[in-house]
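None of the figures in this text is laboratory data; all of them are computed from the coordinates on show. For clarity, every value in this text was computed on a predicted model and none was experimentally measured. All Cβ positions, even for glycine, are placed from backbone atoms using ideal geometry, and neighbour counts span all protein chains on display.
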Amino acid sequence: MSAVTTSAFVALRPDLASVLDANLNAYQALADHYQETSAQRLRHAAQWLRDPWRGTPLRPAAAGHALDIGCADGAHAFLLARRGYTVTAVDFSSRMIDLARARSTPRPRGPRPRFVEGEFLGGEFFDAAGEAASLDRKFELVVANAFVHLFPKPADEDVVRRALGLVATGGMALFSTTIEDIRDENFFAKTRMNGTAVERWRGHYPKDDFLSLVRDTAGDAFVITDLLTADMRGKPWLTVFARRRHVNEPDRPR
Ligand SMILES: C[S@@+](CC[C@H](N)C(=O)[O-])C[C@H]1O[C@@H](n2cnc3c(N)ncnc32)[C@H](O)[C@@H]1O
């Protein structure tokens with residue numbers, strides 16, 4: 001019998017607080033890297049920031065509020081604002097939030113995004129004046145791009161559950177990650193544009209594992225579909241879309 005059992009693996013998994021600490025340090029150090037890769041990430045976003053049922057770029061039908069969870073330098077938040085959403089964007093890295101707040105943007109259609117600093121699961125956020133800023137509404141669109149995989153199991157489920165809880169009736173959440181051959185999680189190095197590496201916690205999911213994570217957490221209140229794309233380096237990404245059903249909506253996709 002192998003000396004490494006599932007329970008040994010679980011025992012070796014660090015607690016959530018240690019992971020959050022390590023990841024916060026890592027993303028503080030990675031802020032410049034995100035600013036430098038902004039244009040690449042926006043080109044990839046044109047592929048996945050789409051209505052998966054209609055195939056059209058995601059835009060609010062009328063007035064629409066969007067939440068970007070783990071917004072980094074604000075690239076996607078500004079794109080959503082240009083598309084007409086009123087955007088709230090959260091990140092726990094003060095360096096990322098500073099870059100996002102300082103970002104300039106060509107002719108936004110709506111208001112500038114509101115950037116709030118705080119840890120997503122902890123749920124305490126602060127605005128630019130340092131005042132408490134709660135997420136006290138439901139959103140037509142909730143974006144968690146490259147976010148869920150930063151949490152050790154079972155906190156990844158908590159993140160999906162909390163994000164889904166913020167989706168308005170008829171609204172949509174999207175969750176994305178890279179697709180991997182095997183499921184594992186650990187501290188892995190992320191290499192910056194300047195070639196130096198920083199360690200942060202990262203889960204890897206085969207396609208079906210990530211799809212099941214969202215589908216099982218969402219339950220019957222949501223309709224689920226997914227989309228495969230490739231980023232600028234050819235890495236495969238999976239985006240899972242969860243649309244909250246209207247009351248009495250039949251049990252089938254639109
Ligand atoms: C992998 S980056 C993804 C950035 C962006 N969503 C994108 O797709 O380019 C993850 C971002 O989430 C932030 N983040 C990580 N863990 C967080 C947490 N627990 N609460 C809030 N923000 C967090 C990091 O600071 C970082 O900016």
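Suppose every Lys and Arg Cβ carries +1 and every Asp and Glu Cβ carries -1, with no other charges. What dipole size does region 6-157 come out with about its Cα centre, to the nearest 20 debye?
Dipole size: approximately 980 debye.
Report the net charge of residues surrounding residue 206, where surrounding means a beta-carbon distance below 9 angstrom and charges are Lys +1, Arg +1, Asp -1, Glu -1.
Local net charge: -2.
Using only alpha carbon pairs under 8 Å that are at least six residues apart, calculate the relative contact order of region 13-244 and give it in whole percent.
Relative contact order, region 13-244: 19 percent.
State the antiparallel share, in %, of DSSP beta bridges confined to the chain, rounding to the nearest 5. Can you show the working numbers first?
Numbers: 27 of 46 bridges.
Within the chain, antiparallel bridges account for around 60 percent of the total.
Say we join alpha carbon atoms closer than 10 Å with springs in a Gaussian network model of the chain; which of 70, 234, 203 then has the biggest fluctuation?
234
Considering only 189, 139, 165, whose Cα is most displaced toward the positive end of the charge dipole of region 88-219, charges sitting on Cβ of Lys, Arg (+1) and Asp, Glu (-1)?
Farthest along the dipole direction, towards plus: 139.
For the residues 86, 191, what sequence is obtained by ranking on other C-beta atoms within 10 Å, fewest first? Present the calculation step by step, with values, prior to reporting the outcome.
Working: 86 19, 191 11.
The fewest-first ordering by Cβ neighbours comes to 191, 86.
Work out Dmax and Rg for the chain from the C-alpha atoms and quote the Rg first, both in angstrom.
Every Cα atom of the chain included, Rg and Dmax give 17.9, 63 Å.
With viscosity set to 1.306 mPa s and temperature to 10 °C, compute the Stokes-Einstein D of region 95-218, Rh being the Kirkwood radius across alpha carbon pairs; µm²/s, no decimals.
D, rounded to a whole number, is 96 µm²/s.
Could you give the size of the charge dipole of the chain about its Cα centre, using +1 on the Cβ of each K and R and -1 on the Cβ of each D and E, expressed in debye and rounded to the nearest 20?
Details: 34 positive and 32 negative charges, 248 e Å.
With Lys and Arg at +1 and Asp and Glu at -1, about 1200 debye.
Quick check on the exposure proxy: order 117, 249 from fewest to most C-beta atoms within 10 angstrom.
If I rank by nearby Cβ atoms, fewest first, I get 249, 117.
Taking every DSSP beta bridge with both residues inside region 41-128, roughly what % is antiparallel (nearest 5)?
Here the antiparallel bridges make up roughly 20 percent for region 41-128.
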